[in-house]
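Undergrad: Before I ask anything, here is the structure I am working with.
The values are calculated or read from the model by the stated rules, or taken from the named source; none is laboratory data. A quick note: this is a predicted structure, and the numbers were derived from the prediction, not measured. Cβ placement follows ideal geometry from the backbone for every residue including glycine, while neighbour counts extend to all protein chains displayed.
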Amino acid sequence: MPDINTDIRYLKGVGARRAEYLSAMGIDTVGALLRFFPRGYEDFGNIKSIFNCVSGEFVCVKGRITSEISEHFIRKNMTLFKFSVYDGTGFMQVTIFNNKYLAAKLHKESEYLFLGKIELDRFGFNMSSPEIRETSFEGIIPVYRASANMSSAAIEKLVREAMKDTEIEETIPESVRVGNRLTTAAEAIANIHFPKSREALLRAKKYLVFEELFVLCTSLMLLKGKRKAAASAVINRDYTERFYSLLKFEPTAAQKRAVKECLSDMASGRVMNRLIEGDVGSGKTLVAAALMYNAARNGYQSVLMAPTEILAEQHYKTFSEFFAGTDIGCVLLTGSMKKSEKTAAKQRLLCGEAQIAVGTHALLSEDVEFRNVALVITDEQHRFGVNQRAALALKGENVHTLVMSATPIPRTLGLIIYGDLDISILDEYPRGRAKTDSYVVTSELRERVYNYIKKYLDEGRQGYIVCPMVEESEQTAGVKSAEQYFTDISAGAFKDYRVGLLHGKMKGAEKDDIMRRFASGEIQLLVCTTVIEVGIDVPNAAVMLIENAERFGLSALHQLRGRIGRGRYASSCIFITDLKGDNINRRMQVMKTTSDGFKIAEEDLRLRGPGDFLGQRQHGLPDLKIADLYADNDVLKLASMAAANLLEHDPRLKEPENAALRQAVIDMYKKLNEN
């Protein structure tokens, strides 16, 4: 008798070769086969009489073959098989294309189910290439994702075999299952594959979606709990108001709230693991500075790591301005610095003369030591690998950790994507930020757009032109490449202006040099790719043109647009696209009318789906087999509440009724580590 852990090779009907085919599809055990859910269904249970059919309908007809099955050779590699079917109310002609095997299995005077599109012509009703089943299959039939070697029908047959004797274990504890009015695991698995009715299918899906999200929420909450170790440094004296008095402006309510939340964590005696999530320009750097100031005044050091040298330099300059006139020392540490400069910075950190370190990966060097570091901050955290962030945290013992991201994630996904972190959201802009107008045009207006950009440049402003590709060789028809674009406009429309080129295939030092020249104003117009998505502040940049805008996700377009309007000048972003369609029109309308990054992220998620939106590997989210993080948001909330309540009573899942859940969590950890 197989169980869910039985190797798929030992299931009746599999064998060594089929096991290889199934393994390539991610099916190595009987349990994995039972969790290989159908991608759709064919309804052979909703039978309609021929007399009541309407031409063009997709229907199921139950009828008897009344004629011999005739074979017609049309041309080479094309053979038709035709026969008549009668269901007691009328006749229809059935045509099968190039399927001699199927035709041979059909017999005159036998009754079958025919599922397909029925058409009416001058000869009567007809159906071409229908799905044909014996009448014993009347009901809802699963359709599986097939491969070249494993058809949907073959998988269906194996699933039926697996379900004969395999015991389905209940992952959801009984109290949670009953409390959320869920069916049983066995009923859910049975009805997700072979539903007894549409209602049974819905109950099965409800159970399995809840189960998947419940296990994921429980896993992430346990992971968060593990990270709440005792902190080596307790920041219990609050100097925030003194820090605010150093500023020339009033922080937003969102910034103040985030600082308060972080300081509460740092004073609790447990290590802080928090994410500051805010739109481009929402003021995350000020929050970081406030925390660093508090750490310094409590006698501890802080460190901030940025993904590029030029961004690290910008942060260093900002912090130096914040702390000007105080006794708080700040050092910069990057790879391109002179050896003597690096040595001096390291010495100041080791002896405690400098309370703040800002840098790049150079901070991870073994010879970089701190006297008493208590706070580690990573900017644009998704640009760093887990190991890099961990290496930085290990510069101290049980240090407080803050990660900052300017990539808005829909609130519906916050729990899942950052389930192991506490989250603070900056949902306000500081006063004085200029408005950015957005326009959507076709390439027919490019000359007018160029003249519009020139007006900005002539007024002393700067601008970007963003292309989706780097090289000509990468292009598909009508898609702009940055290199060719730069060549064309440098010698053409913008020959009288200082134009630069920036893309991801350049070496790091070359990219930094271009950005420095742009930041200083030496370059007026920068032709680039999405490499500027995470860039430095250039307050003088006030105009942007994005070519082939339809090729970017909404969140990417929003991130790009955030590069302008960072100063006091009114700014403009122009999206060029020649493609039409409801989806493209909807996306462009969103960009034209909305500047709220979180609303844009929600719409991006709705239009593209979680897989495309998140980038599974980047965010470490395991593949979800049946749940949809957007459509099943309400279930996600229920699953999250249930997980929190359960862990409150059994924080380590030691109770016997939670044993299966504990194993599921262990399996989930493996998936999280794989990603």
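Undergrad: For the stretch 70-93, give me each residue that is closer than 17 Å to LEU113 by Cβ and touching a Leu at 6+ places or on another chain (Cβ under 9 Å).
TA: Selection gives PHE83 alone.
Undergrad: Does ASP623 meet the test of being under 20 Å from TYR207 (Cβ atoms) and at pLDDT below 85?
TA: For ASP623, the condition - under 20 Å from TYR207 (Cβ atoms) and at pLDDT below 85 - is met.
Undergrad: Does SER232 fit the bill of being within 30 Å of VAL373 (Cβ to Cβ), of a type in the set (Ser, Thr, Tyr) and outside the structural domain of MET292 (by TED's automatic domain parsing)?
TA: Spelling it out, SER232 is indeed within 30 Å of VAL373 (Cβ to Cβ), of a type in the set (Ser, Thr, Tyr) and outside the structural domain of MET292 (by TED's automatic domain parsing).
Undergrad: Assess whether TYR244 counts as being aromatic (Phe, Trp, Tyr), in contact with a Pro (Cβ under 9 Å, 6 or more places away or on another chain) and either under 18 Å from SER405 (Cα atoms) or without any contact (Cβ under 8 Å) to a residue 60 or more places away in the chain (or both).
TA: When the stated conditions are applied, TYR244 passes them.
Undergrad: Please find, among ARG516, ARG563, the residue that is more than 29 Å from the chain's Cα centre (by Cα) and closer than 21 Å to VAL280 by Cα.
TA: None of the other options fit; the residue is ARG516.
Undergrad: Can you tell me which residue within the stretch 92-125, out of those that are under 45 Å from the mean Cα position of the chain (by Cα) and under 19 Å from ILE74 (Cα atoms), is surrounded by the most Cβ atoms within 10 Å (Cβ to Cβ)?
TA: ILE96
Undergrad: Something else: Closer than 16 Å to GLY63 by Cβ and either in a loop (DSSP other than H, G, I, E, B) or not hydrophobic (A, V, I, L, M, F, W, C) (or both): does that describe SER136?
TA: So SER136 passes the test.
Undergrad: Can you give me the ranges of the strands (runs of 3 or more DSSP E) entirely in the stretch 3-91 with at least 1 residues that are surrounded by fewer than 12 Cβ atoms within 10 Å (Cβ to Cβ) and basic (Lys, Arg)?
TA: Where strands (runs of 3 or more DSSP E) fall fully within the stretch 3-91 and carry at least 1 residues being surrounded by fewer than 12 Cβ atoms within 10 Å (Cβ to Cβ) and basic (Lys, Arg), they are 70-75.
Undergrad: Name the single residue, out of those in the stretch 179-190 being more than 30 Å from the chain's Cα centre (by Cα) and of a type outside the set (A, V, I, L, M), that is surrounded by the fewest Cβ atoms within 10 Å (Cβ to Cβ).
TA: Here the answer is ARG181.
Undergrad: Now for a separate question. Checking the condition in a helix (DSSP H, G or I), more than 21 Å from MET668 (Cβ to Cβ) and within 33 Å of the chain's Cα centre (by Cα), which residue from GLU199, GLU161, GLU211 passes?
TA: Answer to the check: GLU199.
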